[in-house]
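Enquirer: Structure below; questions to follow.
The values are calculated or read from the model by the stated rules, or taken from the named source; none is laboratory data. Owing to the predicted nature of the structure, the values given are computational and were not obtained by experimental measurement. Because the Cβ atoms are built from the backbone with ideal geometry, glycine has one as well, and the counts that use them run over all protein chains shown.
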Amino acid sequence: MLLIAVLLAGCPKFPGSSSSTSPPPPAPHAYYVNCSASAAGDGTQSSPWNSLAPIAAKTFQAGDQILFQRGTSCSGMLAPQGSGTSVAPIVIDAYGSGALPVINGGSDPQVLKLFNQQYWEIRNLEILGGNQYGVFISGNQPSSSLNHIHLLNLNVHGATFASKLRSDSGEVVISTTGLQEVLNDVLVDGVTAHDTTASQGIFVSAGGSWTGNAGAPQSLGNNVTVQNSTAYNVGGDGIMIAETTNGLLQNNVVYLTGLCASCTGSTPNGLWEWYCHTCTVQNNESYANKSWFKTDGGDYDIDYYDNDNVVQYNFGHDSAGYCVSVFGSDGTPSVNSIVRYNVCSNDGQSAAGAYQGEILLYTWNGGSLDGVQVYNNTLYWNPAAPAAAFNTAGVIYAGSGPKIFMNNIIYSTASAFVQTTPDFSLDNNIYWTTSSSGPSWQIGSTSYTSLPLYQAATNQDAHSLFTDPMLADPAYHAAGRSASAFTLLRGSPARGTGAYVCAAIPAVSNCSIGSMDFFGNPLPSGSGFDIGANQAP
């Protein structure tokens, strides 16, 4: 028996036997890179790699770190392989002191590339050059998901691609190509994308690819956030998210977008969302945006296929087109769009695009809008060509959602305030113009040149006023949010004359008007509302 036991002890274990064990995963490892080092090392801190070649040759494991020496620069494309896990993402970061480490992609197609990879966190780098993309993260595996892509504190600039179409290139592009392949948990925080002839500044498209047929894409990603980021001097869009549920765009600054001189087709905006469900756009600044055609060139856009989107507490100014738009197209309604507590100033600066107004609602190609609430916004309207500040003339409506324009201030240098239809309900607004031509309101094909005449003929704006709203610095449109411009002066007729919006739309269950105004002041409860974006203390 002893002999048998000894012999069995030397036999190999067969697969599936209860005593078999799998080898433990390799322990996470930190790899150091200093491209100014004179000799090629082994990746330790005392003997770092001195080029990007060892990174491209290695497949990294969960929990690994790739650390670049601050104050140094590496040339070429950074394309590490491997994926992390939900508890142990792979991290690219900086070490040491000094300026951000630079990855200079030169004329490579991308500077930093991940493909069919997930659970990555990339921090504290300067991404320079590249042709079509600065940062490019994508995949092509059908019916799959890529999770946890976090970009933090990156300076991405100088991509040299000569854009011809919106979204044909960009500084930061995160988008899959596989049919029904989605992205979940995407965070872009503290990223600056700028100074490029490529199209997009920051672009995240989290959903499945198109089938080639009419209608929406096949699937949506989840949890996409772009915050504390900046995009400027770009060919197409500044910041855009698409094909996702639970999207958030907050505390961003976008300006000088749409600069492409040779682009055609679909036109750009500063900061916007497309096919976005349950998405919030708040506390951003968007300005000086351009367009290569007479459409768009706006600050913010709730585009088609969008449901349950809120645009609030934003500052938009000095752009070629509108401040905020709400669109419906492709045989589909955009549902439950809310535009509130925003300040819009001096948009419509293109004579060709001024017709869009400060706030534009529009549908085409069989699209429609089901529920639009526009309330407590302050608009300074100073267009490059005569046009109404609020334009809904080209809209088809569907469903039973509310259609209200309430508690808004339009302070205008032009004569036209609204160009709308009887479908919309307008009330408790303040209108004022400095134009010598006098005021006008257009409902359908009929214009009215006095508020009493307009009220009597249309039953619209019954509690609205044509009077100076008495705003502090009502024409402010400089870069940076002002703590005092557009606030209500003492004695302002806007004080206490606003309506409680939820009382005007009783059919809306769980109605909410938010918690604060543009300036962060708390809202009153039930009554005592001011008109405009400021609730005066």
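Enquirer: If I filter the range 430-452 for residues that are touching a residue at least 40 places away in the same chain (Cβ under 8 Å) and not in a strand (DSSP E or B), do I get at least one hit?
Expert: no
Enquirer: Now for a separate question. How many of the residues making up the range 274-287 are under 20 Å from H317 (Cβ atoms) and surrounded by 21 or more Cβ atoms within 10 Å (Cβ to Cβ)?
Expert: Looking only at that region, the number is 5.
Enquirer: Among (1) outside any loop (DSSP other than H, G, I, E, B); (2) closer than 25 Å to S345 by Cα; (3) out of contact with any helix residue (DSSP H, G or I) (no Cβ under 9 Å at 6 or more places or on another chain), which single condition is N391 missing?
Expert: Tallying (1) outside any loop (DSSP other than H, G, I, E, B); (2) closer than 25 Å to S345 by Cα; (3) out of contact with any helix residue (DSSP H, G or I) (no Cβ under 9 Å at 6 or more places or on another chain), N391 fails exactly one: (3).
Enquirer: Which of the following residues is on the phi < 0 side of the Ramachandran plot, touching a helix residue (DSSP H, G or I) at 6+ places or on another chain (Cβ under 7 Å) and not aromatic (F, W, Y): C502, C511?
Expert: Result: C511 is the single residue among C502, C511 that is on the phi < 0 side of the Ramachandran plot, touching a helix residue (DSSP H, G or I) at 6+ places or on another chain (Cβ under 7 Å) and not aromatic (F, W, Y).
Enquirer: Same structure, new question: Exactly one condition in (1) in a loop (DSSP other than H, G, I, E, B); (2) at negative phi is false for V91; which is it?
Expert: Checking V91 against (1) in a loop (DSSP other than H, G, I, E, B); (2) at negative phi, the one that fails is (1).
Enquirer: Now for a different question. Filtering the range 167-188 down to residues that are of a type in the set (A, V, I, L, M, F, W, C) and surrounded by fewer than 20 Cβ atoms within 10 Å (Cβ to Cβ), which residue is nearest to S219 (Cα to Cα)?
Expert: First, the residues of the range 167-188 that are of a type in the set (A, V, I, L, M, F, W, C): 172-174, 179, 182-183, 186-188.
Imposing the further condition that a residue be surrounded by fewer than 20 Cβ atoms within 10 Å (Cβ to Cβ) reduces the set to 179, 187.
Values: L179: 9, L187: 19 Å.
By that ranking, first place goes to L179.
Enquirer: What strands (runs of 3 or more DSSP E) completely inside the range 342-383 contain at least 1 residues that are of a type in the set (G, A, S) and in contact (Cβ under 8 Å) with a residue 12 or more places away in the chain? Break it down stepwise before answering.
Expert: Values: elements: 343-345, 359-363, 368-375, 378-381.
Passing ranges, in order: 343-345, 368-375.
Enquirer: Restricting to the range 486-496, count the residues that are in contact (Cβ under 8 Å) with a residue 40 or more places away in the chain and either small (G, A, S) or buried (at least 18 other Cβ atoms within 10 Å of the Cβ) (or both). Talk me through it step by step, then tell me what you get.
Expert: From the range 486-496, those in contact (Cβ under 8 Å) with a residue 40 or more places away in the chain are 486-488, 492-495; that's our starting set.
If we keep only those that are either small (G, A, S) or buried (at least 18 other Cβ atoms within 10 Å of the Cβ) (or both) as well, we get 486-488, 492, 494-495.
Number of matching residues: 6.
Enquirer: Restricting attention to strands (runs of 3 or more DSSP E) lying wholly within the range 202-314, give those where 2 or more residues are in the same structural domain as C511 (by TED's automatic domain parsing) and over 30 Å from N140 (Cα atoms).
Expert: Details: elements: 221-227, 230-232, 239-250, 253-255, 271-282, 285-287, 300-302, 307-312.
The qualifying strands (runs of 3 or more DSSP E) are 307-312.
Enquirer: Then there is this: State all residues of the range 111-141 that are outside any strand (DSSP E or B) and either closer than 18 Å to S229 by Cβ or of a type in the set (S, T, Y) (or both); if no residue qualifies, say none.
Expert: Kept after step one, since they are outside any strand (DSSP E or B), are these residues of the range 111-141: 111, 116-119, 129-132, 139-141.
Within the range 111-141, V111, Y119 meet the criteria.
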